[in-house]
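Only one structure is covered here, and it is reproduced in the block below.
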Amino acid sequence: MVENEHLRQEMRRCEGELQELRAKPRSPCQACEHSQESAQLRDRLSQLQLEVAENKGVLSELNLEVQQKTDRLAEVELRLKDCLAEKAQEEERLSRRLRDSHETIASLRAQLPPVKYIIKTVEVESAKTKQALSESQSHSQHLQEQVAMQRQVLKEMEQQLQSSHQLTAQLRAQIAMYEAELERTHGQMLEEMQSLEEDKNRAIEEAFTRAQVEMKAVHENLAGVRTNLLTLQPALRTLTNDYNGLKRQVRGFPLLLQDALQSVKAEIGQAIAEVSSDNQELLRKYRRELQLRKKCHNELVRLKGNIRVIARVRPVTKEDGEGPEAANAVTFDSDDDSIIHLLHKGKPVSFELDKVFSPGASQQDVFQEVQALITSCIDGFNVCIFAYGQTGAGKTYTMEGSLENPGINQRALQLLFSEVQEKASDWEYTITVSVAEIYNEVLRDLLGKEPQEKLEIRLCPDGSGQLYVPGLTEFRVQSVEDINKVFEFGHTNRTTEFTNLNEHSSRSHALLIVTVRGVDCSTGLRTTGKLNLVDLAGSERVGKSGAEGSRLREAQHINKSLSALGDVIAALRSRQGHVPFRNSKLTYLLQDSLSGDSKTLMVVQVSPVEKNTSETLYSLKFAERVRSVELGPGTRRAELGSWSSQEHLEWEPACHTPSARAHSAPGSGSSSRPGSIRRKLQPSGKSRQVPV
Ligand code: ADP
Ligand code: MG
């Protein structure tokens, strides 16, 4: 208790000190490391105080327990004392009775006779006494046991007291430890505060000395600036003068600028005028070049002939069968690609055309030959390309081709697209296509809503003499996809109309009419060129098959239109005043594209096999005649005179009737020897260059 009291006093003292410390002004540097540490220490202190308070509570509890135990002990000791006193009394009483009994026994022994009795009584009495003795002994035993028990309890209590003493000692040691720690912390805190104070003082001193030094420097600077200011004043004065002078100049500047601008404007205007005159000059030159190009191109085409004829021999196919009938009857000249040799009925016949394509020639090779014609269409020329020949000779292959390997039709449109694209900066072009067919002298629109409807060819009401087909559908095309769509549409229309398309197409003329309209953006000049791509009906003479009825009628129509084509070309060739365009729908429709500046290309398709040699011979003769139309005027007149009478017969529509055909078979008359005609008509390359 005394120690507890002592501890309490000490704690109070500590708290007082702590209070004092807290009351002291806080260190200026709150954020510094020391203040953090002191805060930590303070926390630790409060923690320790808490622990001390706890310990105090425990101690007081223990004290209370000790008190209770001490009280109980005192009580037990009191009871033990009572018991001991009781026991001593009893012992004394018993020992007194024992002594009395012994005395009695001794006196009785002295009086022997009655001794026995006495002994007996004594013995009797002694037994009673013994019983009392044993009772008191057992009582004493019981008391001793109780005493032992009490002693045990006492011992335990002493042990408890001892352990509580030990605990107290431990707690005391702990308190001492905490106090020591508190002391140490307090000492640390004091030290830190001391060092912080010193730091603060040092910093203040340093700042003060630094401020003094800076102040001195500032004073010095100020003195320098003052002297500078004194020297700058004259400079400022001169600057002000300069500024005023400049201001005066600036006032005059707009006038100066205006003058300069005017002169520059004049210069620029002059330069622009020069450039525009240069431009005009360039434009003029460009137009001249364009004209020249057109002329050159025209000349080139003209040199090649306005009506050119080429032959294309297709390869022998599976459909030709086997055996001598399918043997090859066509050979070529390795040195001259315009010659073709045919072995007909054992006799060799040769023809010269503008070009002959052997079976190995590709679609591109053939197209290469015709592309100059196609581009002339952009310059406003009308062009006709015909595929002529017997059925199965490859007309459709050359004109349409397959999807993977297209023929002239698609390639021509593709070329037109790319050419038009190239000229897009100066010209605006629109390309439209119409697809039509002529069957039994009836013209049908294959792109129309009603393909079975008959179309008429009319003269333009504007009096230009141009022809047009009212109701003929024109589709504007801009890409290969468009072309394919148009072709597919036309094809579908043709297929739905006729059950046997192959047969039908061999008996009708299929026409693809491409119109290229252009406007020169700078001059507004307009051009229109028409490209007619015609897959003609099969040229085979129907007499061979001995057809009747509708087949005969078809054949007659075909013959009529093919003959009319021949007649028209003949009339053009001989420059007759009257050209019989109206003799067939085909020539009438193509009137614009066959006359005047127009260019015509005839691709004569040839089957190479033995069984077709008659038709091949017939086709090649037709080809050579068509070709010979295009000669220089002098030559032409001179040459025409020598063979026109015979040839004219060949052009008569009636000549194509089966009976007439028989007379015009190869070998009859001079016309049956194409080689000789060739020699007569084209004695030299020069004659072909004479303009028409
Ligand atoms: P036409 O239209 O004159 O009746 P086609 O063009 O239908 O004849 O040709 C008949 C067959 O011969 C077709 O199967 C075609 O593919 C084939 N053919 C024609 N010319 C060639 C060629 N140059 N190369 C390969 N096959 C060809
Ligand atoms: Mg065909």
Could you say which residue among Met189, Met193, Met157 is touching a residue at least 40 places away in the same chain (Cβ under 8 Å), under 29 Å from Leu84 (Cβ atoms) and not small (Gly, Ala, Ser)? Met157
Is at least one residue of segment 492-513 away from ligand 1 (no atom under 16 Å from the Cβ), at pLDDT 90 or above and surrounded by 13 or more Cβ atoms within 10 Å (Cβ to Cβ)? yes
Val213 - would you say it is more than 30 Å from Glu65 (Cα to Cα) and among the β-branched types (Val, Ile, Thr)? yes
Out of contact with any Leu (no Cβ under 8 Å at 6 or more places or on another chain), over 30 Å from Ile204 (Cα atoms) and free of Cβ contacts under 8 Å to residues at least 12 places away in the same chain: is that true of Ala74 in this structure? yes
Tell me whether segment 412-427 contains one or more residues that are more than 16 Å from ligand 1 (Cβ to nearest atom), within 21 Å of Lys585 (Cβ to Cβ) and either buried (at least 23 other Cβ atoms within 10 Å of the Cβ) or modelled with pLDDT of 95 or more (or both). no
Checked segment 581-626 for anything free of Cβ contacts under 8 Å to residues at least 40 places away in the same chain and in a loop (DSSP other than H, G, I, E, B); matches are Ser595
Is at least one residue of segment 363-378 of a type outside the set (Lys, Arg) and within 16 Å of ligand 2 (Cβ to nearest atom)? yes
Considering only segment 521-543, state which residues are surrounded by 15 or more Cβ atoms within 10 Å (Cβ to Cβ), over 17 Å from Thr375 (Cβ atoms) and away from ligand 1 (no atom under 13 Å from the Cβ). Arg541, Val542, Gly543
For segment 559-612, the count of residues that are in contact with a strand residue (DSSP E or B) (Cβ under 6 Å, 6 or more places away or on another chain) and within 16 Å of ligand 1 (Cβ to nearest atom) equals 6
State whether the residues of segment 462-475 include one that is in contact (Cβ under 8 Å) with a residue 60 or more places away in the chain and under 50 Å from the mean Cα position of the chain (by Cα). yes
Please go through segment 391-409 and pick out each residue that is surrounded by fewer than 22 Cβ atoms within 10 Å (Cβ to Cβ), away from ligand 2 (no atom under 11 Å from the Cβ) and polar (S, T, N, Q). Ser402, Asn405
Any idea how many residues of segment 360-401 are aliphatic (A, V, I, L, M) and within 27 Å of Lys611 (Cα to Cα)? 5
In this structure, does Arg575 turn out to be charged (D, E, K, R) and either in contact with a Phe, Trp or Tyr (Cβ under 8 Å, 6 or more places away or on another chain) or crowded, with 22+ Cβ neighbours inside 10 Å (or both)? no
In the list Pro451, Pro461, Pro470, which residue meets the criterion of being outside any helix (DSSP H, G or I) and farther than 30 Å from Ile558 by Cβ? Pro461
Keeping to segment 365-399, report how many residues are farther than 20 Å from Cys296 by Cα, assigned to a helix (DSSP H, G or I) and away from ligand 1 (no atom under 12 Å from the Cβ). 1
Which members of segment 378-396 meet the condition of being touching a strand residue (DSSP E or B) at 6+ places or on another chain (Cβ under 8 Å) and closer than 28 Å to Leu617 by Cα? Val383, Cys384, Ile385, Phe386, Ala387, Tyr388, Gly389, Gln390, Ala393, Gly394, Lys395, Thr396
Assess whether Ser434 counts as being in a loop (DSSP other than H, G, I, E, B), hydroxyl-bearing (Ser, Thr, Tyr) and closer than 20 Å to Gln591 by Cα. no
I need every pair where a residue in segment 272-297 that is within 26 Å of Cys377 (Cα to Cα) has its Cβ under 9 Å from the Cβ of a residue that is assigned to a helix (DSSP H, G or I), sequence separation at least 6 or different chains. Lys294/Ser376; His297/Ala372; His297/Thr375; His297/Ser376
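The values are calculated or read from the model by the stated rules, or taken from the named source; none is laboratory data. Just so you know, these numbers come straight off a predicted model, no measurement behind them. Heads up, the Cβs are rebuilt from the backbone with ideal geometry, glycines too, and the neighbour counts pull from every protein chain shown.
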